[in-house]
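Chemist: Quick one: structure below, then a few questions.
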Amino acid sequence: NAGVTQTPKFQVLKTGQSMTLQCAQDMNHEYMSWYRQDPGMGLRLIHYSVGAGITDQGEVPNGYNVSRSTTEDFPLRLLSAAPSQTSVYFCASSYAPGGDGYTFGSGTRLTVV
Amino acid sequence: GIQVEQSPPDLILQEGANSTLRCNFSDSVNNLQWFHQNPWGQLINLFYIPSGTKQNGRLSATTVATERYSLLYISSSQTTDSGVYFCAVLNQAGTALIFGKGTTLSVSS
């Protein structure tokens, strides 16, 4: 099925642990991005990529790392989890940073204790 | 950077009622989009509407770029319309969407 696939759907981490949130798309989209959603805050951009090998920071990049080795995959790494990173994380992809065809994954709910 | 403000923050309707959601943005933009997040968390792209008016069934959207606002109209609301509606604009570098904080809509039968 075409779309954006995020794994895992739920995760509980202890403070200080690291983990990788996976995001894969099969629509040959060049643009991919990661957002976090917190109550009352809307969606805030963490990192984005305009193509394989190219990434850049968004509004709230601290504590997160990304890489883009292929067009299909855009993993998000939490280097040392903190309770402030408890959130719902969404990955999105599109042909361009905006426009029709902007597609979100189903999200990863992360709790850091 | 560009600021995106949505109003009202919350809206409660009876099934069958009409509603208008507003999105104001602080600077000129050449991209504006509306998204719906259903109660299960899934985000759906509703409209890409940098200017003018578009309609899709009971939903329509109008953007007046020169006056820096967009409106989303929902007619004859249904319980399945419940959720959070976000507008988003492209940042000035043209590299990412900036989202408003959303309008939470609750439609009861």
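Throughout, read-outs are computed from the coordinates displayed, never taken from laboratory work. Bear in mind that the values here come from a model prediction, so they are computed numbers and not experimental data. Note that we place each Cβ from the backbone using ideal geometry, even for glycine, and neighbour counts take in every protein chain shown.
Chemist: Convex hull over the Cα atoms of the stretch B:8-55, averaged projected area in nm²?
Modeler: Average of the hull's projected areas for the stretch B:8-55 equals 4.7 nm².
Chemist: If the cut-off is 28 Å between C-alpha atoms, which lysines fall inside it for B:K101, apart from same-chain ones fewer than 8 positions away?
Modeler: The qualifying lysines are A:K9, B:K54.
Chemist: Same structure again: With springs only between Cα atoms under 10 Å apart, run a GNM on chain B and tell me which of B:N56, B:N91, B:N18 wobbles the most.
Modeler: B:N56
Chemist: Further, regarding this structure: Please work out, to two decimal places, the log10 of the ratio I(q)/I(0) at q = 0.17, 0.20, 0.25, 0.27 Å⁻¹ from a Debye calculation in which every Cα of the stretch B:27-75 carries one identical scatterer.
Modeler: Here the Debye-derived log intensity ratios amount to -0.51, -0.67, -0.92, -1.00.
Chemist: I would also like to ask the following. Could you tally the net charge around A:Q25, taking each other residue with its Cβ under 15 Å from the Cβ of A:Q25, Lys/Arg +1 and Asp/Glu -1?
Modeler: Spelling it out: positives minus negatives among the neighbours equals -3.
Chemist: Ranking A:W34, B:W40, B:W34 by Cβ neighbours within 10 Å, fewest first, what do you get?
Modeler: Going from least to most buried by this count: B:W40, B:W34, A:W34.
Chemist: Follow-up question, since we're still on this one. Averaging the inverse of every distinct alpha carbon separation and then flipping it gives the Kirkwood radius. What is it for the protein assembly as shown, in angstrom units?
Modeler: With all distinct Cα pairs of the protein assembly as shown included, I get 17.8 Å.
Chemist: Right, next: Relative contact order for chain B: what percent, with Cα pairs under 8 Å and sequence separation of 6 or more?
Modeler: 37
Chemist: Which net charge results for the neighbourhood of B:R68, defined as the other residues with beta-carbon distances under 14 angstrom from its beta-carbon, given Lys and Arg at +1 and Asp and Glu at -1?
Modeler: Charge balance near B:R68 sits at -2.
Chemist: Okay, next question. Taking the Cα-to-Cβ direction at A:D38 and at B:T79 and moving 7 Å from each Cα, how far apart do the two end points lie in nm?
Modeler: Here the modelled spin labels are 3.4 nm apart.
Chemist: Let me see the pair-distance distribution of the stretch B:7-109: every alpha carbon pair, 5 Å bin width, integer percents in order.
Modeler: All Cα pairs considered, the percentages come to 3, 13, 25, 25, 19, 9, 4, 1, 0.
Chemist: Mark the label point 7 Å from the Cα of A:L79 along Cα→Cβ and return the residues of the stretch A:1-21 whose backbone N is within less than 20 Å of it.
Modeler: Residues A:13-21 fall inside that zone.
Chemist: Okay, moving on. Could you tell me the distance between the Cα centroids of the stretch B:55-109 and the stretch A:79-113, to the nearest Å?
Modeler: Between the Cα centre of the stretch B:55-109 and that of the stretch A:79-113, the gap is 20 Å.
Chemist: Related question: Just want the ordering: B:K54, B:K101, A:K9, A:K14, from fewest to most Cβ atoms lying within 10 Å of their own Cβ.
Modeler: Arranged by neighbour count, lowest to highest, B:K54, B:K101, A:K9, A:K14 become A:K14, A:K9, B:K54, B:K101.
Chemist: Assuming 1.567 mPa s and 4 °C, estimate D for chain A with Stokes-Einstein, Rh taken as the Kirkwood radius over Cα pairs, in µm²/s.
Modeler: The calculation lands on 93 µm²/s.
Chemist: Can you put A:F74, A:F90 in order of Cβ neighbours within 10 angstrom, beginning with the fewest?
Modeler: Fewest-to-most Cβ neighbours within 10 Å comes out as A:F90, A:F74.
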